[in-house]
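Novice: My structure is below; once you've seen it, I'll send some questions.
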Amino acid sequence: MAAHSHYSHTSTDGKGPKERVEAQGYGDASAENIDAWPTTPQGAFDAWMHSPGHRANLLGCHSKATGIGVALGGKHRAYWTQDFGYK
């Protein structure tokens with residue numbers, strides 16, 4: 001997202017979170033949270049907790065694993081991604 005100043009769950013090549021996660025060898029993707037602008041982990045977490053859908057991903061019991069990443073730069077300065085999985 002940062003490299004292309006693109007903020008969306010769908011990448012510039014049209015792939016969604018499940019397709020991207022599975023392309024990296026993880027076969028059980030279940031959900032994704034993204035955020036832009038907050039430049040601290042706490043800022044991204046607070047934004048997710050104040051969004052009903054993102055909060056449900058964080059607090060739901062259906063996912064058993066998570067991966068979190070940040071890329072700095074681009075139009076929004078910071079891009080946060082959290083992917084969830086069943087394993």
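Novice: Under a 1.4 Å probe, what is the accessible area of the stretch 18-87 per residue, stated in Å²?
Specialist: On the way: 4150 Å² over 70 residues.
That works out to 59 Å² per residue.
Novice: Does anything in the stretch 44-87 have its amide N under 13 Å from the 7 Å Cα→Cβ label point of Tyr26, and if so which residues?
Specialist: Output list for this probe position: 63-70, 81-87.
Novice: Follow-up. With a 1.4 Å probe and every protein chain kept in, tell me what percent of the accessible surface of the stretch 1-77 is carbon plus sulfur.
Specialist: Values: 2830 of 4870 Å².
The computed percentage sits at 58.
Novice: Run through every distinct alpha carbon pair of the chain and return the Kirkwood hydrodynamic radius in angstroms, one decimal place.
Specialist: On the way: mean 1/r = 0.0753 Å⁻¹.
One over the average 1/r among Cα pairs gives 13.3 Å for the chain.
Novice: Give the lysines reachable from Lys87 as a straight Cα distance under 17 Å; neighbours fewer than 8 places away on the same chain don't count.
Specialist: Lys18, Lys64
Novice: Now a separate question. For Cα pairs less than 8 Å apart in space and 6+ apart in sequence, what is the mean separation divided by the residue count of the chain, i.e. the relative contact order in percent?
Specialist: On the way: 140 pairs, mean separation 33.2, N = 87.
Answer for the chain is 38 percent.
Novice: Work through the residues other than Asp28 whose Cβ is under 12 Å from its Cβ and net out their charges, Lys, Arg +1 and Asp, Glu -1.
Specialist: Values: positive: Lys18, Lys64, Lys87; negative: Glu22, Asp83.
Net charge in that neighbourhood comes out at +1.
The values are calculated or read from the model by the stated rules, or taken from the named source; none is laboratory data. Keep in mind that this is a model prediction, so the values were computed, not measured. All Cβ positions, glycine included, derive from the backbone under ideal geometry; neighbour counts span all protein chains shown. Heads up: the accessible areas ignore ligands, DNA and RNA and are worked out on the full protein's heavy atoms, side chains in. Shrake-Rupley method; radii C 1.70, N 1.55, O 1.52, S 1.80 Å.
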